[in-house]
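The values are calculated or read from the model by the stated rules, or taken from the named source; none is laboratory data. Everything numeric here is computed off the predicted structure, so don't read it as measured data. As a convention, Cβ positions derive from the backbone with ideal geometry for all residues, glycine included, and neighbour counts pool all protein chains shown.
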C-alpha cells in the first residue's frame, strides 16, 4: 500500500509526488553519523507535459548521502530519447527524496537555500550570520552543510546562499566549523559531512 506524503507543483510544469510505501516503511529508518534520522528508502514521482519519472532514492552508508537507486522514465506521447532524458531533473528529484526521507514537508524547490533552512532547520540564518562566526552560526553552518551534502547538493554553495554570505566567507566558516569540531575532518577537495 502506498501513502502519498506530499504533492507539489514547482514553477513551470513540473509536478512532484513523494511516496513512502509499505515497502519503504518496512525497510525502516537509518540514523546518519550526524544524527539525522531518515527513511532508508523513498520514491519520488514527477511529471511534466512530456514525460513521467519515478526515482527510488536510498541512503548510501558508504557515501553518507541519499542517491538515486533506480530511475524509470516514460515519454508522454513520444518515445524516450536522450534529449527527453536530459530534461528529467534527477538532482532535484534526489534532493526532494532526501528531504522527504528526513521528514521535511515540501513546499518549494529543495535546491534553494531558503527552503533548506526554513523547512529543515526552522531558523533565520541571515540573522545568525550577521553576528559573525559565533558558535551558534558555526552550528547552523554545519547543519546546513550536512543536510545539503545528504541531499547531493554543493554544501558550501548552499551555506553561502542560505546565510546570505559570500562563497569565500562560507568556505572559511565551513573550515572553522571543522576545526572547532562541528563538522568531521575531511581530505582537501572532497566534501564530507
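Data for the structure
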quantity: Filtered residues of segment 33-54 (kept if without any contact (Cβ under 8 Å) to a residue 60 or more places away in the chain and either assigned by TED's automatic domain parsing to the domain that holds residue 146 or more than 13 Å from residue 101 (Cα to Cα) (or both)); calculated: 35, 45, 46, 47, 48, 49, 50, 51, 52, 53, 54
quantity: Qualifying position, being at pLDDT below 60 and assigned to a strand (DSSP E or B), among 18, 38; calculated: 18
quantity: Qualifying residue in segment 132-144 (condition: at pLDDT below 85, farther than 18 Å from residue 172 by Cα and either buried (at least 22 other Cβ atoms within 10 Å of the Cβ) or out of contact with any helix residue (DSSP H, G or I) (no Cβ under 9 Å at 6 or more places or on another chain) (or both)); calculated: no
quantity: Filtered residues of segment 51-92 (kept if more than 16 Å from the chain's Cα centre (by Cα), at pLDDT 85 or above and under 18 Å from residue 41 (Cβ atoms)); calculated: 53, 54, 70, 71, 72
